[in-house]
Amino acid sequence: MNTKIALDKILFLDIETIPQTYQYIDLDEKTKELFNAKNRFAQNEEKSFEMLYNEKGSILSEFGKIICISIGMVHKTTLGRTMRLKSFAHDEEETPLKQFKKLLEDHYNTNEHLLCGHNAKEFDFPYICRRMLINGISLPAILDLGGKKPWEINHIDTLKLTQFGSYEMISLELLCLSCGLKSPKT
């Protein structure tokens, strides 16, 4: 089995998210009810649903939205390799989602292509998929993971790679600092 991966077949990505409304009080009654139900075990005397919404509103795909999808692509040139960066951003979430889908369908649409991100298997990939479905956008093949077992999904998650079997979380910024690299978050 050949385990070599061509860098030009990998799309590196990161998403930025915000809550759909900035304040819990601005949610309609049904959405509040569903948010409360989803977070009922985290709520207590010290943490109100309002506080939980401030903490989690942007990271729960049902209550947040994507405002930016940033990608990096490695290209071979006559001088070696270059990294090209691009961001899809818009006030209306549907626009960057559609632009990202078009890029995937046009350039990352074979079994050789992979997606890569930090904590992407737990956050970025599912978040993008849910937000596409919520916005009525069909999933591109590379993100259509329904029915696949975790070990059948070949995407690369730098968090999983650097956990070495543990459950210890390390932020991308701390990982970069530890390795002497500039953080892509800046």
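The values are calculated or read from the model by the stated rules, or taken from the named source; none is laboratory data. Please read these numbers as outputs of a predicted model, since none were measured by experiment. Positions of Cβ are backbone-derived with ideal geometry, glycine not excepted, and every protein chain shown enters the neighbour counts. Accessible surface areas use protein heavy atoms only, side chains included; no ligands, DNA or RNA. Shrake-Rupley method; radii C 1.70, N 1.55, O 1.52, S 1.80 Å.
Tell me, which residue of the stretch 162-179 that is open to solvent by less than 70 Å² (accessible area, probe 1.4 Å) and of a type in the set (Ser, Thr, Tyr) is nearest to Asp14 (Cα to Cα)? It would help to see each step written out before you state the result.
Filtering the stretch 162-179 for residues open to solvent by less than 70 Å² (accessible area, probe 1.4 Å) gives 162-163, 166, 170-172, 175-176.
Going one step further and asking which of them are of a type in the set (Ser, Thr, Tyr), we end up with 162, 166, 171.
Values: Thr162: 17, Ser166: 23, Ser171: 13 Å.
Residue satisfying both the conditions and the ranking: Ser171.
Has the stretch 34-45 got any residue that is in a helix (DSSP H, G or I), open to solvent by 70 Å² or more (accessible area, probe 1.4 Å) and without any contact (Cβ under 8 Å) to a residue 24 or more places away in the chain?
Going residue by residue through the stretch 34-45, those that are in a helix (DSSP H, G or I) are 34-38.
After this cut, where a residue has to be open to solvent by 70 Å² or more (accessible area, probe 1.4 Å) as well, the list is 34, 38.
Subset that is without any contact (Cβ under 8 Å) to a residue 24 or more places away in the chain: none.
No, the stretch 34-45 contains no residue that is in a helix (DSSP H, G or I), open to solvent by 70 Å² or more (accessible area, probe 1.4 Å) and without any contact (Cβ under 8 Å) to a residue 24 or more places away in the chain.
State yes or no: is Thr17 touching a residue at least 12 places away in the same chain (Cβ under 8 Å) and not in a loop (DSSP other than H, G, I, E, B)?
Values: touching a residue at least 12 places away in the same chain (Cβ under 8 Å): yes; not in a loop (DSSP other than H, G, I, E, B): yes.
When the stated conditions are applied, Thr17 passes them.
Do the conditions hold for Arg81, that is, is it farther than 17 Å from Ser70 by Cβ, in a strand (DSSP E or B), open to solvent by 30 Å² or more (accessible area, probe 1.4 Å) and among the basic types (Lys, Arg)? Let's see the steps before the verdict.
Values: farther than 17 Å from Ser70 by Cβ: yes; in a strand (DSSP E or B): yes; open to solvent by 30 Å² or more (accessible area, probe 1.4 Å): yes; among the basic types (Lys, Arg): yes.
Here the answer is yes, as Arg81 does meet what is asked.
Looking at this structure, is Thr95 out of contact with any Asp or Glu (no Cβ under 9 Å at 6 or more places or on another chain), modelled with pLDDT of 95 or more, of a type in the set (Val, Ile, Thr) and open to solvent by 40 Å² or more (accessible area, probe 1.4 Å)? Quick ask: steps written out before the conclusion?
Details: out of contact with any Asp or Glu (no Cβ under 9 Å at 6 or more places or on another chain): yes; modelled with pLDDT of 95 or more: yes; of a type in the set (Val, Ile, Thr): yes; open to solvent by 40 Å² or more (accessible area, probe 1.4 Å): yes.
Against the criterion (out of contact with any Asp or Glu (no Cβ under 9 Å at 6 or more places or on another chain), modelled with pLDDT of 95 or more, of a type in the set (Val, Ile, Thr) and open to solvent by 40 Å² or more (accessible area, probe 1.4 Å)), Thr95 qualifies.
Return the residues of the stretch 144-168 that are touching a residue at least 40 places away in the same chain (Cβ under 8 Å) and hydrophobic (A, V, I, L, M, F, W, C); say none if nothing qualifies. Working first, answer last.
To start, the set of residues in the stretch 144-168 that are touching a residue at least 40 places away in the same chain (Cβ under 8 Å) comprises 154-159.
Selection gives Ile156, Leu159.
Kindly list the number of the only condition in (1) open to solvent by 50 Å² or more (accessible area, probe 1.4 Å); (2) closer than 30 Å to Glu29 by Cα; (3) modelled with pLDDT of 90 or more; (4) not in a helix (DSSP H, G or I) that fails for Lys86.
Status for Lys86: all satisfied but (2).
Name the residue that is modelled with the lowest pLDDT, counting only residues in the stretch 15-25 that are under 18 Å from the mean Cα position of the chain (by Cα) and open to solvent by 40 Å² or more (accessible area, probe 1.4 Å).
Our first condition is that a residue be under 18 Å from the mean Cα position of the chain (by Cα); within the stretch 15-25, this holds for 15-20.
From the residues that got through so far, the ones that are open to solvent by 40 Å² or more (accessible area, probe 1.4 Å) too are 16, 20.
Working: Glu16: 94, Gln20: 91.
Only one residue tops the list, namely Gln20.
Of everything in the stretch 131-161, what is under 21 Å from Gly57 (Cβ atoms) and exposed (fewer than 15 other Cβ atoms within 10 Å of the Cβ)? Give them in sequence order. Before the answer, list the steps.
Filtering the stretch 131-161 down to residues under 21 Å from Gly57 (Cβ atoms) leaves 131-135.
The answer is Leu133, Ile134.
Ala120 - would you say it is surrounded by 10 or more Cβ atoms within 10 Å (Cβ to Cβ) and without any contact (Cβ under 8 Å) to a residue 40 or more places away in the chain?
Numbers: surrounded by 10 or more Cβ atoms within 10 Å (Cβ to Cβ): yes; without any contact (Cβ under 8 Å) to a residue 40 or more places away in the chain: no.
So Ala120 does not fit the description; no.
Can you pull out every residue in the stretch 98-111 that is open to solvent by 30 Å² or more (accessible area, probe 1.4 Å) and within 13 Å of Met132 (Cα to Cα)?
Taking the stretch 98-111 first, the residues open to solvent by 30 Å² or more (accessible area, probe 1.4 Å) are 98-99, 101-102, 105-107, 109-111.
Once the filter is applied, which keeps residues that are open to solvent by 30 Å² or more (accessible area, probe 1.4 Å) and within 13 Å of Met132 (Cα to Cα), the stretch 98-111 yields Lys98, Gln99, Lys101, Lys102.
Quick test for you: out of Lys56, Lys65, Lys9, pick the one residue that is touching a residue at least 40 places away in the same chain (Cβ under 8 Å), open to solvent by 40 Å² or more (accessible area, probe 1.4 Å) and over 18 Å from Ile134 (Cα atoms). Walk me through it before giving the result.
Values: Lys56 fails: touching a residue at least 40 places away in the same chain (Cβ under 8 Å); Lys65 fails: over 18 Å from Ile134 (Cα atoms).
From the options Lys56, Lys65, Lys9, the qualifying one is Lys9.
Lys182 fails exactly one of the following numbered conditions: (1) in contact with a helix residue (DSSP H, G or I) (Cβ under 7 Å, 6 or more places away or on another chain); (2) surrounded by 12 or more Cβ atoms within 10 Å (Cβ to Cβ); (3) not small (Gly, Ala, Ser). What is the number of that condition?
All conditions are met except number (2).
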